[in-house]
Structures are given as C-alpha cells and as structure tokens.
Amino acid sequence: METREKHKLLDCIGEVYEKAKNCELKEGFFTEQKAELNILSDYFGTTKSQSFFIAIVFTLNYKGDTVDLNDMIEYFGCNPMKLLEFNEDFNYLQSKAYLKKKLSKHRVQVAGANNQFTVNEKLCEAILKNEPVPELKNAISDIFELLEEICELGKQRDNDEINTLGLYKLVIKLLEEHKELTLIQKIEPFELSVDDKLLYFYLIWKTITGRETCNVERALEAFFDRETKRVYYMQDLVDGNNALLEHKLIEIIPTKFLNNTEIILTETSNVLLKECGITVSRSKKNKDNIWSPADI
C-alpha cells in the first residue's frame, strides 16, 4: 500500500511533467490536469499552480541541473510574459522554502532572469520516502543568498511587518551565523555600524541585480521606521561623517536636492567584492561628477 501511494505521487508528478511539454501554460491545461494537481496540492499544501511548478522543477532537477526561467519557457513553449504571470507563485514557493533560489552570475541584468531554482532537498527526500512534507526552512549557502535575505528583511521593515529594532536583531543574527563568508570577514576591520552595513549590503545587492546607483532616501525608508533617524543618517552622510565614505567604499553622486542623493560603489569596493567572488559591472564614471569625502 505504501509503495502504491509513493508511486501514485511520483506518477502524478511524472504525468504533469509529460503533459506540460509545449502546453504554453494555457488555462485549459490546468483544468485538464485537475486530478493530478489536486493530489499534489493536497500533499504539498499549495495551490494547483504552485504544485505544478514544484512538480516541474522537481523533475527537471533530476535531469541533473538547476532550473531557470529560460528552461521552463523552452519546455512549456510559451511566451516569456506568460510565465512571468506566475511570478507570485515562485516568490511564495521560495519564501516558504519549497524551492531554493540562487543567482546566476553569467546572465543578463534583468529582474528574475538570473534566478535558478532547485527543490528543497528535504522535500525531495520526503517525496521519495513517501513521508509528509517536513518543516522547511530557507538555508543560506553563499553571499548572494545572504545579501538577498537582508534586502528581503528590509522589505518586511518597509511594509511594517517588523520594526527597525527587529530588523537589527535579525540582521545581526544572520551576520553572526554566516561570519565565515569572505565579505563579512573583509569588512570586519572597518567596524561598520549596523546602519552602515545595511546600506552597504543594499547597495551591493542593487548593483549586482542591475542598478548601478542607489537612492539613499529610498534605502533608508526601508530600514528606519522613524523619520528623524533617516534625517540624522542622511545629514551625517552628506556631511562626510560616515564610515563607508571614510573607508572609500561608496561615493556620493551630487544632486541639487537632498532627497535625490544617490550613492555608487567605489573602485575600492569593486576590488574588495571581486576578492569575495562578486563581480560588479559598472561603467566608468568621470571623477569630476563624484563627491569624495574631501570635497564635502
């Protein structure tokens, strides 16, 4: 009986995978596969579309590699925009640790295009052993995942899901748990405050995901729940009283208005990040258009 049930689950996954070939993600496809998707949804505790993508990534993973959007677009034979309609499903599955996501360093700088997915190892084991879905947690395995997680926490603060103190506690805990990562070790001698680390990590993440500059006010809104805190930090920054400027890790791009202040990674940061396995692409800036601490 147990073997039959396990095979039933694997058969459903295999059936969905086979029928998904060139399905173009048409609405009728999900109706046609309703029976199989109901079984998978009951098992995973997810919606039919979410269960569908778990099944697809699970099967493609067993062909020996991670799965990106292009792999799925080719397999489904669909317009890329059609797959992007399911972006919230991927976000949910990643946030709940059904899927693990890592960033490819060799693709175009377009949001989501660099995401590579694998099914959580614990979930794979449960499927193969015909066991209930275990408690799933996101595990951080490299600096890219750490930077993304910190920025996700910033989004939670920005949405008032946590306050600034809660953000501090979570970030400090993350940095302690992953202090072996090269970037964390490299910046340790600078003795940066939590605020400075948040801004620096935010800028690094925005840069490697396609934004060369970062609006400081927008970043501070994500981190600080008190407006006075944002004002004090911004004033110190533009006055040059900031460790990131002192250690030449960031540069300020001059603007007429304070709330338009933007920052950019310096060449010092680029070299440091490269030593940490992070390649940052940026166009060369005219130094006459950059404020250094001496100019402030």
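Here, each number is a calculation from the coordinates, and none is a lab measurement. Fair warning: this is a prediction, and the values are worked out from it, not measured in the lab. Note that we place each Cβ from the backbone using ideal geometry, even for glycine, and neighbour counts take in every protein chain shown.
The calculated FRET efficiency for N87 paired with E18, based on their beta-carbon distance and R0 = 30 Å, is about 0.75.
A cut-off of 5 Å between modelled amide H atoms, ignoring neighbours fewer than 5 places along the same chain, links V119 with K100.
Label-to-label distance for L258 and A35 is 6.8 nm, based on points extended 7 Å past Cα in the beta-carbon direction.
Applying the Karplus relation 6.51 cos²θ - 1.76 cosθ + 1.60 with θ = phi - 60° to segment 257-270 yields 3J(HN,Hα) values of 10, 4, 6, 9, 4, 10, 10, 9, 5, 8, 5, 4, 5, 4 Hz, where x marks Gly and Pro.
Using a Gaussian network model of the chain in which every pair of alpha carbons under 10 angstrom is joined by a spring, one finds that among I54, I13, I172 the greatest mean-square fluctuation is at I172. Cross-link reach is defined here as a Cα-Cα straight distance under 26 Å, omitting same-chain residues fewer than 8 places apart; for K169 the lysines meeting it are K96, K100, K101, K102, K137, K155, K179, K186, K197, K206, K229. Sequentially through segment 234-244, phi angles give Karplus couplings (6.51, -1.76, 1.60; θ = phi - 60°) of 4, 4, 4, 5, 6, 7, x, 8, 8, 5, 5 Hz, Gly and Pro residues having no value and appearing as x. Mind sorting out which of (1) 22.9; (2) 21.4; (3) 19.9 is the real Kirkwood radius over Cα pairs in Å computed from the coordinates? Recomputing Kirkwood radius over Cα pairs in Å here gives the entry labelled (2).
Compared with the alpha-carbon gap, the fully stretched path from N79 to T228 is longer by 48.9 nm at 0.36 nm per residue. Just grab the label-to-label distance for E188 and K137, each label 7 Å out from Cα along the Cβ direction, in nm (one decimal). Inter-label distance under the simple model: 2.3 nm.
Rg/Rh, computed from the Cα trace of segment 200-239 with Rh as the Kirkwood radius, has the value 1.01.
Taking label points 7 Å from Cα along the Cα-to-Cβ direction, Q235 and T268 give a separation of 2.6 nm.
In the elastic network of the chain, a GNM with C-alpha springs shorter than 10 Å, the most mobile of F44, F190, F76 is F190. What percentage of all Cα-Cα pairs in segment 1-83 are separated by more than 17 Å? Of all Cα-Cα distances in segment 1-83, 45 percent exceed 17 Å.
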